Amino acid sequence: MGIVSWLVLGLIAGVIAKVLLPGRDPGGLVGTTLIGIVGSFIGGWLSTKILHRPIPKDFGEPSMWIASIAGALVLLIAYRLLFGNSRERR
């Protein structure tokens, strides 16, 4: 899978993570998208290193999607815990 496919997967994983975990994020849509892309890479890396499951080459592989969405959710939760809702402070 190429880098463009990972970026598209991360974008979609970020949107799904945002739908599963609604709320006003400090970064908005762009921040959530970036979190989805980074979370996709982290989810794939953790799947390889901790679960000893290689990253599949097929874009439609369910395990790849689950790892990407889980990574995006974990990163989104961590981001919210660290930075909270910056819009409330103004």
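Data table
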| item | result |
| --- | --- |
| Residue in the range 46-64 that is modelled with pLDDT of 80 or more, on the phi < 0 side of the Ramachandran plot, touching a helix residue (DSSP H, G or I) at 6+ places or on another chain (Cβ under 8 Å) and not aliphatic (A, V, I, L, M) present | no |
| Filtered residue count, the range 15-26, keeping only those that are surrounded by 15 or more Cβ atoms within 10 Å (Cβ to Cβ) and either closer than 12 Å to I77 by Cα or at pLDDT below 80 (or both) | 4 |
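The values are calculated or read from the model by the stated rules, or taken from the named source; none is laboratory data. None of the values given here were measured: they were computed from a predicted structure. Note: ideal-geometry Cβ built from the backbone for every residue, glycine included; neighbour counts use all protein chains shown.
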